[in-house]
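Working notes, structure below.
The values are calculated or read from the model by the stated rules, or taken from the named source; none is laboratory data. Model, not experiment: these values are computed from the prediction. Don't worry about glycine lacking a Cβ; one is built from the backbone with ideal geometry, like all the others, and counts go over all protein chains shown.
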Amino acid sequence: MKSDQIQFQCGLLRVASTLLFAFAQVACQPPANQSRLTVASLGKISSLDPAQASTLGTTQLLSALGDTLYRLDQQGELTPRLASSAPEISDNGLTISIPLRRDVLFHDGSHFDAEAMAFSIRRFLDIGTLSYVVGDRIAAVEVASRYRLVLKLNRPSTSLEGLLTSVNLTPISPKAYLNYKDRFLHDRFVGTGPYKLTSFSEHQQRLEPFQNYWDTQPSNDGLDLITLSNSTALFGALTSGEVDVLLSASIDEDQRHALHNMAQRGQLHEGRGPAMGIGYVTLLSNVEPLNDRKLRQALALSLDRLEISKRVSYGLRQPLQSLVPPSLPGGNRPSWPSHNPEAARSLLRESGYCNGRVLSIPLTFRTNVPADKLFALTWQAQVQRDLPDCMNITLDGVESTTVYRQLGEGAFKAVMLDWRGSYPDPEAYLTPLLSCLKANGEICLEGEAAISGSFWSTPGLQNTLRSSDVLRGKARLDPLHRLEDLTAEGSAYIPVWLETPRAWSQTSISQPRFDGSGRVRLNQLRRMD
């Protein structure tokens, strides 16, 4: 067995020991390669196919193995990557021409060009799990020349430029995916990124620098990525020095706070990215009792976000009163009301509650997301304190995969969820929750609003959603604000908090840095001299 294989297996055994909460010495030799880095995160990677990628862990990994046409820098500016310059948009907004780099190779040695990019986009449109984010905007993907791609649109789209930064549109080698045009390839990836994949399982991935990479080589000699299912194991692995870097959006709040304090004391390095993740509650609006809008509004008014932020996250999660993050257009003002139990009581009385009749709402939380239960307990206590004669909240814990599978079946009266747009634009937050193909009054019968578990719509919403994606600059703000106001009035969704992605590294490792989409630049991690 080769030395590097022994090193890799030994590293995995050391981290496996943390899962058993026994940080004993692992008798593995030879010593670890000091130029490689071990990076840990929560959960598992079940598929490496960019057409299927939806979790933060998967998109983080794909960002190291592949490139996108464009990337957002830390200032939020669109910068070319595999594109050689900015997209060229026709006067009527219906044609986008993208010049491509001529010096890019895939990991299998084949050349990247317009045909390869067209293959990747068409494949995503055909089989992509999140293909609805494109909707009906792209009419055709054309190859104008070997290094010029043309997108023909059905309608002008402001957000399409942001979509070109999405990891879901990471180009893949047509040669390697020849037999996977219409189906997913889960356990391999052949892209153009700074690393190539040399070993894959759901919990371990080995990355080596791609020697023919077109841009700057990574600052390290490779990565061993390890995913764990237990927050305590992650915390122990970092604090004991078993791993070099920890990436985690779902570590327990007490441990997140402890790592933050350790970084404040200089015991760790902490990196923070742009706040792009939102936590929110979805209410089932098409059946009793929450088909009554006043009851949904009362629930929204019963929520004290500031107290929840302090109790759940020590203030590390910011209170949120919009569905669009504040850093994006339209998300910079609160549309949902602040905590007001008396206004909630008034609405409940109008609907026949509080006079010997108590509204009981079952709230579902995801058992494998640590912050969910703390949020649920805190909100339950707030309602019991402020509105004991009018309303009570009962709690039901369900594993997340079951929640996602049953959402579109209307299985949950109220459920805590989170969302991170696949690209940094308001459209990537509003469309997945509000888009409705067929509606009857305020009930969505078919579309993303039904799949998301709210089944809510309202007259004029879809036209406003579409018009918001045509305008630019300040002119775009009016329809975006109207969308938020309409949705706040409907109260089928209640935004709770905004999450800033964080990563921690040993003091011997450089501080983790994020790109403008909230992913760690793994290729910039290095050991300090």
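Across segment 40-75, what is the number of residues that are part of a strand (DSSP E or B) and over 22 Å from I251 (Cα atoms)?
Just the residues of segment 40-75 that are part of a strand (DSSP E or B), to begin with: 40-42, 70-72.
Adding the requirement that they be over 22 Å from I251 (Cα atoms) leaves 70-72.
Of the residues in that region, 3 qualify.
Any chance you could count how many residues in segment 378-397 are crowded, with 16+ Cβ neighbours inside 10 Å and either out of contact with any helix residue (DSSP H, G or I) (no Cβ under 8 Å at 6 or more places or on another chain) or part of a helix (DSSP H, G or I) (or both)?
First, pick out the residues of segment 378-397 that are crowded, with 16+ Cβ neighbours inside 10 Å: 378-380, 382-383, 386-387, 390-391, 393.
In the following step, the residues that additionally are either out of contact with any helix residue (DSSP H, G or I) (no Cβ under 8 Å at 6 or more places or on another chain) or part of a helix (DSSP H, G or I) (or both) were identified as 378-380, 382-383, 386.
Here the count works out to 6.
Could you check segment 372-400 and list, in sequence order, the residues that are in contact with a strand residue (DSSP E or B) (Cβ under 7 Å, 6 or more places away or on another chain) and of a type in the set (K, R)?
Within segment 372-400, K373 is the sole residue that qualifies.
For A258, state whether it is without any contact (Cβ under 8 Å) to a residue 40 or more places away in the chain, farther than 26 Å from T458 by Cβ and among the small types (G, A, S). Show your work before the answer.
Values: without any contact (Cβ under 8 Å) to a residue 40 or more places away in the chain: yes; farther than 26 Å from T458 by Cβ: yes; among the small types (G, A, S): yes.
In short, yes.
Can you find, within segment 163-182, the residue that is nearest to G135 (Cα to Cα) among those that are of a type in the set (V, I, T) and crowded, with 24+ Cβ neighbours inside 10 Å?
If we take residues in segment 163-182 being of a type in the set (V, I, T) and crowded, with 24+ Cβ neighbours inside 10 Å, then T170 is nearest to G135 (Cα to Cα).
Of L130, L207, L125, which residue is surrounded by 20 or more Cβ atoms within 10 Å (Cβ to Cβ) and not assigned by TED's automatic domain parsing to the domain that holds L477?
On the way: L130 fails: surrounded by 20 or more Cβ atoms within 10 Å (Cβ to Cβ); L125 fails: surrounded by 20 or more Cβ atoms within 10 Å (Cβ to Cβ).
One residue alone meets the criteria, L207.
Tell me, please, whether a residue that is under 28 Å from W419 (Cβ atoms) and assigned to a helix (DSSP H, G or I) can be found in segment 132-150.
yes
For A492, indicate whether it is closer than 30 Å to I308 by Cα, under 18 Å from the mean Cα position of the chain (by Cα) and of a type in the set (G, A, S).
Details: closer than 30 Å to I308 by Cα: yes; under 18 Å from the mean Cα position of the chain (by Cα): no; of a type in the set (G, A, S): yes.
Considered against the rule, which asks whether it is closer than 30 Å to I308 by Cα, under 18 Å from the mean Cα position of the chain (by Cα) and of a type in the set (G, A, S), A492 comes out as no.
Restricting attention to segment 313-355, and to residues there that are closer than 24 Å to P424 by Cα and among the hydroxyl-bearing types (S, T, Y), which single residue is surrounded by the fewest Cβ atoms within 10 Å (Cβ to Cβ)?
Checking each candidate, the answer is S327.
Among the residues of segment 32-64, count how many are charged (D, E, K, R) and out of contact with any Asp or Glu (no Cβ under 6 Å at 6 or more places or on another chain).
First pass over segment 32-64, keeping only residues charged (D, E, K, R): 36, 44, 49.
Of the ones still in play, those that are also out of contact with any Asp or Glu (no Cβ under 6 Å at 6 or more places or on another chain) are 49.
Final tally of qualifying residues: 1.
Just to verify a result, which residue in segment 214-244, among those that are assigned to a loop (DSSP other than H, G, I, E, B) and of a type in the set (G, A, S), is farthest from G66 (Cα to Cα)?
Going through segment 214-244, the residues assigned to a loop (DSSP other than H, G, I, E, B) turn out to be 214-222, 229-230, 240-244.
With of a type in the set (G, A, S) added as a condition, the list becomes 219, 222, 229, 240-241.
Numbers: S219: 17, G222: 15, S229: 25, S240: 32, G241: 29 Å.
This residue is S240.
Of the residues L486, L525, which is buried (at least 19 other Cβ atoms within 10 Å of the Cβ), modelled with pLDDT of 95 or more and either under 18 Å from A64 (Cα atoms) or in the same structural domain as R293 (by TED's automatic domain parsing) (or both)? Before the answer, list the steps.
On the way: L486 fails: buried (at least 19 other Cβ atoms within 10 Å of the Cβ).
Being buried (at least 19 other Cβ atoms within 10 Å of the Cβ), modelled with pLDDT of 95 or more and either under 18 Å from A64 (Cα atoms) or in the same structural domain as R293 (by TED's automatic domain parsing) (or both) holds for just one of L486, L525, which is L525.
Residue check: is A428 closer than 30 Å to R472 by Cα and either in contact with a Lys or Arg (Cβ under 9 Å, 6 or more places away or on another chain) or assigned by TED's automatic domain parsing to the domain that holds V312 (or both)? It would help to see each step written out before you state the result.
On the way: closer than 30 Å to R472 by Cα: yes; either in contact with a Lys or Arg (Cβ under 9 Å, 6 or more places away or on another chain) or assigned by TED's automatic domain parsing to the domain that holds V312 (or both): yes.
Considered against the rule, which asks whether it is closer than 30 Å to R472 by Cα and either in contact with a Lys or Arg (Cβ under 9 Å, 6 or more places away or on another chain) or assigned by TED's automatic domain parsing to the domain that holds V312 (or both), A428 comes out as yes.
Name the one entry in S240, S219 that is of a type in the set (S, T, Y), touching a Ser or Thr at 6+ places or on another chain (Cβ under 8 Å) and within 19 Å of Q511 (Cβ to Cβ).
Among S240, S219, only S219 is of a type in the set (S, T, Y), touching a Ser or Thr at 6+ places or on another chain (Cβ under 8 Å) and within 19 Å of Q511 (Cβ to Cβ).
If you take the residues in segment 352-377 that are without any contact (Cβ under 8 Å) to a residue 60 or more places away in the chain, in a strand (DSSP E or B) and touching a helix residue (DSSP H, G or I) at 6+ places or on another chain (Cβ under 9 Å), which one is farthest from S54 (Cα to Cα)?
If we take residues in segment 352-377 being without any contact (Cβ under 8 Å) to a residue 60 or more places away in the chain, in a strand (DSSP E or B) and touching a helix residue (DSSP H, G or I) at 6+ places or on another chain (Cβ under 9 Å), then T364 is farthest from S54 (Cα to Cα).
With the condition kept exactly as written, say whether any residue in segment 463-484 is assigned to a helix (DSSP H, G or I), touching a Ser or Thr at 6+ places or on another chain (Cβ under 7 Å), of a type in the set (K, R) and free of Cβ contacts under 8 Å to residues at least 24 places away in the same chain.
Looking for residues that are assigned to a helix (DSSP H, G or I), touching a Ser or Thr at 6+ places or on another chain (Cβ under 7 Å), of a type in the set (K, R) and free of Cβ contacts under 8 Å to residues at least 24 places away in the same chain, one finds at least one in segment 463-484, hence yes.
Mind checking which residues of segment 299-317 are outside any helix (DSSP H, G or I) and at pLDDT below 95?
Y314, G315, L316, R317
Evaluate segment 413-421: report whether one residue or more is assigned to a helix (DSSP H, G or I) and crowded, with 17+ Cβ neighbours inside 10 Å. Write out each step before concluding.
Here is the first cut: in segment 413-421, the ones assigned to a helix (DSSP H, G or I) are none.
No, because not a single residue in segment 413-421 is assigned to a helix (DSSP H, G or I) and crowded, with 17+ Cβ neighbours inside 10 Å.
Test of understanding: among S97, S157, S120, which residue is among the hydroxyl-bearing types (S, T, Y) and part of a strand (DSSP E or B)?
Details: S157 fails: part of a strand (DSSP E or B); S120 fails: part of a strand (DSSP E or B).
After applying the criteria, what remains is S97.
Taking only pairs six or more apart or across chains, which ones have beta-carbon atoms under 6 Å, a first residue in segment 426-448 that is crowded, with 20+ Cβ neighbours inside 10 Å, and a second residue that is β-branched (V, I, T)?
P426/V324; Y429/V324
Let me spell it out: the conditions are (1) at pLDDT 95 or above; (2) under 24 Å from R420 (Cβ atoms); (3) surrounded by 22 or more Cβ atoms within 10 Å (Cβ to Cβ), and L100 meets all of them except one. Which number is the exception?
Answer for L100: the failing condition is (2).
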